[in-house]
């Protein structure tokens, strides 16, 4: 027996809401992490030292996190 159309619409709405909530949390986390890395905060440097990475990695990872935000928020484009 097929599911009623209302159930499909409700599922789509629920999944889209979950998607945007998760994406919003991820974007906020990436922005804060990227800015913290670029600023060279002591906490970020301590983590990098714990992982035995040099300090300049913060200057690479910070902008990469901010570019990831742009990629996540860029609207869908039609497939070629």
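A short reminder: the numbers here are calculations on the coordinates, not readings from a lab. Being a predicted model, the structure only gives us computed values, none of them experimental.
Would you please classify the overall shape of the range 30-73 from the alpha carbon gyration tensor, given that a ≥ b ≥ c denote the square roots of the eigenvalues, rounded means a/c under 1.5, and beyond that prolate means a/b larger than b/c while oblate covers the rest? Cα axes put the range 30-73 in the prolate bin.
Normalised by the number of residues in the range 30-73, the mean separation of alpha-carbon contacts (under 8 Å, six or more apart) gives a relative contact order of 53 percent. Available extension along the chain between residue 51 and residue 70 is 4.1 nm, counting 0.36 nm per residue and deducting the alpha carbon span.
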